[in-house]
Amino acid sequence: MSKDTDFIPSDYPETVASGSFEWSAPSNIALVKYWGKFEPQLPANPSVSFTLDTCKTVTKLEYKKRLNDGNFSFDLLFEGQPKEDFKPKILKFFERVEIYLPFLKAYHFTIDTRNTFPHSSGIASSASGMAALSVNLMSLEKALDPKISDDHFWKKASFLARLGSGSACRSVKGEVVVWGKHAGIPGSSDLFGVEFPFDVHPDFRNFQDTILLVEKGQKEVSSTVGHELMAGHPFAETRFEQAHSNLDKIRNALVSGDLEHFISIVESEALTLHAMMMTSNPYFILMKPNTLEIINRIWKFRRETGLPVCFTLDAGANVHLLYPENVVEKVLQFIKDELVAYCKNGEYLCDRIGSGAQNF
Ligand code: PMV
C-alpha cells in the first residue's frame, strides 16, 4: 500500500540547469461524485470519472537553476500575459508539495498556461490546470532522476495534482479513473487516482459528453466551501456509504455495458450532490431554472425515443449530457432543437472520453 512518504525522493543523481517542458491535461467529469474532504486533501468517499478529451489546459514550464534563497520564484502567464491573481494558488500548491519536490526553491519557473475551453465558461480549470502543472514538475523530477519508473511518474503526478485540487488527480492518466480507497477496486487509494482496473465494455468507447453552458462565470459558492460543509452534515455518513455502494454498481455497469443501470446511478449521483448542497448548513443551490428545464427535456426525450442519454452535473449549473457514440447525430439534433434555447448565448461544448495528459 502506498504512503505519503513513498513520494519523498532521496538525493537526485543528476543536475539540470535550464530548459522547458510542455504538457496538456484534460478536465474530467465524475460519475460517482467526490463531495467532502479532510486534510491533507483526502476524499471522504471514493469517486470515479470519465477523463475528457478536448476541454484541457496546456501548460509550458520553463525552468532555470538559481541560488536557493529560501523562497519560491516563479512567473505566471495566462495566454502569454502575466496573471498575478493566479499566483497565490500556485504559491500555496508549491508550499504543499515542496516536501515531495525538494528542488522547487532551486529554480526560477515561468509557467505559461492556457485553456482550450472558453474563458469563464463555468468549466473549472483547476483540475486540468493542476494536473498539467504536476506532470510538468514530474518531467523535471525525471530529468533529475532518470531512473524513476513510469508507474511512479504517473502515480506521483496524480498525487501532486491531488494536493493542488482534489479531483485534479483524476485528470492525469486513463480514460476512467477512480480516486479513493474502495474495496471493489484493486489498487485504489485516497492519495492518487488509478486507472479503472477492469475492461470497460465497448459501448462506452468514445462515450460523448456535451456540456450545456447554462451559467458562465464565477460560482456563487466555491467547491472548497461545499466540501467543508460536509463536515457535520446531517446526511454525511449515509452519503459516504452510498458512494461506496454506487461505485460497486457503476463498476459492474461499466464492465457489462448495462446502460440502463449506468444511467440510473449517474443521474442519482448528480442529484444527490446537489441535494447535499441544499441540505448543508448554510444551504445553497447551484442549479438554475434552465438546469431543471434541461433535465426535464432529457427525461422526456429518453422516454419518447428510448435512447440511452443521461445527464450529470458538477458543482455548478451546467449540464453534462452523456451518451454513446452511435447516437451522436440524433442527440446533437435534439440539443439543437430543444436544449440550445436553455444555454447561455446558445453555447455548448462537444467533448468525449480522452486518455489523460499529453506531452508536446
Ligand atoms: O476537486 P474539487 O475540489 O473542485 O471538487 C470537485 C467536486 C465535484 O466536481 C462536484 C465532484 C467530483 O468528483 O469531481
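Scanning the stretch 198-222 for residues that are farther than 27 Å from I250 by Cα and hydroxyl-bearing (S, T, Y) returns a single hit, S222.
Of the candidates G354, G316, the single residue that is crowded, with 21+ Cβ neighbours inside 10 Å and modelled with pLDDT under 95 is G316.
The residues listed here are P46, P40; of these, the one that is under 30 Å from S245 (Cβ atoms), open to solvent by 40 Å² or more (accessible area, probe 1.4 Å) and either more than 16 Å from the ligand (Cβ to nearest atom) or not acidic (D, E) (or both) is P40. Here L52 clears all of (1) in contact with a helix residue (DSSP H, G or I) (Cβ under 6 Å, 6 or more places away or on another chain); (2) within 13 Å of the ligand (Cβ to nearest atom); (3) not β-branched (V, I, T) except the condition numbered (1).
Only a single item in (1) away from the ligand (no atom under 15 Å from the Cβ); (2) assigned to a helix (DSSP H, G or I); (3) within 18 Å of D6 (Cα to Cα); (4) touching a helix residue (DSSP H, G or I) at 6+ places or on another chain (Cβ under 8 Å) is not met by L163, and it is number (1). Of all residues in the stretch 11-27, none satisfies being touching a residue at least 60 places away in the same chain (Cβ under 8 Å), within 16 Å of the ligand (Cβ to nearest atom) and in a loop (DSSP other than H, G, I, E, B). On inspection, S149 does not qualify as among the polar types (S, T, N, Q) and at pLDDT below 95. Of a type in the set (K, R), open to solvent by less than 10 Å² (accessible area, probe 1.4 Å) and in a helix (DSSP H, G or I) - does that describe any residue in the stretch 123-145? There is no residue in the stretch 123-145 that is of a type in the set (K, R), open to solvent by less than 10 Å² (accessible area, probe 1.4 Å) and in a helix (DSSP H, G or I).
Taken over the stretch 172-197, the criterion of being open to solvent by 20 Å² or more (accessible area, probe 1.4 Å) and of a type in the set (S, T, Y) is satisfied by no residue. Output yes when any residue across the stretch 202-218 is more than 16 Å from the ligand (Cβ to nearest atom), without any contact (Cβ under 8 Å) to a residue 60 or more places away in the chain, surrounded by 14 or more Cβ atoms within 10 Å (Cβ to Cβ) and not basic (K, R), and no when none is. Scanning the stretch 202-218 turns up no residue that is more than 16 Å from the ligand (Cβ to nearest atom), without any contact (Cβ under 8 Å) to a residue 60 or more places away in the chain, surrounded by 14 or more Cβ atoms within 10 Å (Cβ to Cβ) and not basic (K, R). Inspection of the stretch 174-187 identifies at least one residue that is in contact with a His (Cβ under 7 Å, 6 or more places away or on another chain) and either among the basic types (K, R) or assigned by TED's automatic domain parsing to the domain that holds N71 (or both).
Find the helices (runs of 4 or more DSSP H) located wholly in the stretch 220-329 whose residues include 1 or more that are over 21 Å from the mean Cα position of the chain (by Cα), and list them. Let's see the steps before the verdict.
On the way: elements: 223-228, 236-256, 259-278, 289-305.
Hits in the stretch 220-329: 236-256, 259-278, 289-305.
Take the residues in the stretch 166-192 that are without any contact (Cβ under 8 Å) to a residue 60 or more places away in the chain and outside any helix (DSSP H, G or I), then tell me which one is farthest from the ligand (Cβ to nearest atom). If we take residues in the stretch 166-192 being without any contact (Cβ under 8 Å) to a residue 60 or more places away in the chain and outside any helix (DSSP H, G or I), then P186 is farthest from the ligand (Cβ to nearest atom). Residue under question is L332, and the condition is that it be farther than 30 Å from F235 by Cβ, open to solvent by less than 60 Å² (accessible area, probe 1.4 Å), aliphatic (A, V, I, L, M) and part of a loop (DSSP other than H, G, I, E, B); does it hold? So L332 does not fit the description; no.
Looking only at residues in the stretch 166-216 that are aromatic (F, W, Y) and touching a Cys at 6+ places or on another chain (Cβ under 8 Å), the one that is nearest to T5 (Cα to Cα) is F192.
Results for (1) within 15 Å of the ligand (Cβ to nearest atom); (2) in the same structural domain as P46 (by TED's automatic domain parsing); (3) farther than 25 Å from E39 by Cβ, shown as yes or no for each residue.
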site: H227; (1), (2), (3): yes, no, no
site: L247; (1), (2), (3): yes, no, no
site: L254; (1), (2), (3): no, no, yes
site: I263; (1), (2), (3): no, no, yes
site: A270; (1), (2), (3): yes, no, yes
site: Y283; (1), (2), (3): no, no, no
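The values are calculated or read from the model by the stated rules, or taken from the named source; none is laboratory data. Worth saying up front: this structure is predicted, and the values here are computed from it rather than measured. Glycine also receives a Cβ, built like all others from the backbone with ideal geometry; neighbour counts cover every protein chain displayed. Just the protein is used for accessible areas: all its heavy atoms, side chains included, with ligands, DNA and RNA removed. Shrake-Rupley method; radii C 1.70, N 1.55, O 1.52, S 1.80 Å.
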